[in-house]
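The values are calculated or read from the model by the stated rules, or taken from the named source; none is laboratory data. Source: prediction; values computed, not measured. Methodologically, a virtual Cβ is constructed for each residue, glycine included, from the backbone with ideal geometry; neighbour enumeration extends over all protein chains shown. In case anyone asks, the SASA skips ligands and DNA or RNA and just uses the protein heavy atoms, side chains included. Shrake-Rupley method; radii C 1.70, N 1.55, O 1.52, S 1.80 Å.
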Amino acid sequence: MTHDFSIWTLLRDASWVVQAVVLLLLGVSIASWAAIFRKIFALKRVRRQTDAFERDFWSGGSLHDLYLAAVNNAREGSPMERIFASGMREFHKLRERRIAQPDTLLDGARRAMRAAYQRELDALEVNLSFLGSVGSVSPYVGLFGTVWGIMHAFTGLGSMAQVTLATVAPAIAEALVATAIGLFAAIPAVVAYNRFAHDIDRLANRLETFIEEFSNILHRNAGSAASAAPVMGG
């Protein structure tokens, strides 16, 4: 007697618990692939926008003009552009309050940029925890389906007078499908999680470097303005 060991046949003949586990894992796999493709396109867009803003920033143009462009392009701009806008906005607010101490101006701008940096980092890490959860949990969900399927198979074999490899193999194969689907869902999610975490770390380093470099520029501007201010005699 020959048995059809195709995936569809094995799933059709499996217990309802194994079928439910496999359907759950397939749904999770589809969701993880959708998250992977969204993250790929999002990170590519962020890198392209960041490169363009850095070219404009270091081209020697007016910081005021760059700030106006960043404010007008707040929703579609890069994370670096929004961090720059937050620092400039706070810097201008403090100057409008007649605060002339360079350290006070710089501290306010740095705090604003750090807050914006954290918001941008949180946005970049969206769906990353989901991929990590899929990668770590899916094999265990598949293993649960396999264990349940094997228990169900042995329960059925207990009523048989003679048990051979031919009678055991189909039931074991049905149970092992759940583990295979679990690995199918987990492996791409783990690879994508590690890759995206690396890319986000590199972007975070670029943003932190920009904050330090822009802080130096603001400190020089604040110091020049303070030294140019008239000295009040007593």
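Which residue, of 52, 85, is open to solvent by less than 20 Å² (accessible area, probe 1.4 Å), more than 30 Å from residue 16 (Cα to Cα) and under 29 Å from the mean Cα position of the chain (by Cα)?
Values: 52 fails: open to solvent by less than 20 Å² (accessible area, probe 1.4 Å).
Going through 52, 85 in turn, just one is open to solvent by less than 20 Å² (accessible area, probe 1.4 Å), more than 30 Å from residue 16 (Cα to Cα) and under 29 Å from the mean Cα position of the chain (by Cα): 85.
Being in contact (Cβ under 8 Å) with a residue 40 or more places away in the chain and either open to solvent by 80 Å² or more (accessible area, probe 1.4 Å) or at positive phi (or both): is that true of residue 118 here? Write out each step before concluding.
Working: in contact (Cβ under 8 Å) with a residue 40 or more places away in the chain: no; either open to solvent by 80 Å² or more (accessible area, probe 1.4 Å) or at positive phi (or both): yes.
No: the conditions fail for residue 118.
Might you let me know whether segment 145-152 holds any residue that is under 27 Å from residue 40 (Cα atoms), touching a residue at least 12 places away in the same chain (Cβ under 8 Å) and open to solvent by 40 Å² or more (accessible area, probe 1.4 Å)?
Filtering segment 145-152 for residues under 27 Å from residue 40 (Cα atoms) gives none.
There is no residue in segment 145-152 that is under 27 Å from residue 40 (Cα atoms), touching a residue at least 12 places away in the same chain (Cβ under 8 Å) and open to solvent by 40 Å² or more (accessible area, probe 1.4 Å).
Name every residue in segment 176-234 that is among the β-branched types (Val, Ile, Thr) and either modelled with pLDDT of 90 or more or touching a Gly at 6+ places or on another chain (Cβ under 7 Å) (or both), in order of residue number. Walk me through how you get there before you give the answer.
Residues of segment 176-234 among the β-branched types (Val, Ile, Thr): 177, 179, 181, 187, 190-191, 200, 209, 211, 217, 231.
179, 181, 187, 190, 191, 200, 209, 211, listed by residue number.
Could you figure out which of (1) open to solvent by 80 Å² or more (accessible area, probe 1.4 Å); (2) under 25 Å from the mean Cα position of the chain (by Cα) isn't true of residue 135?
(1)
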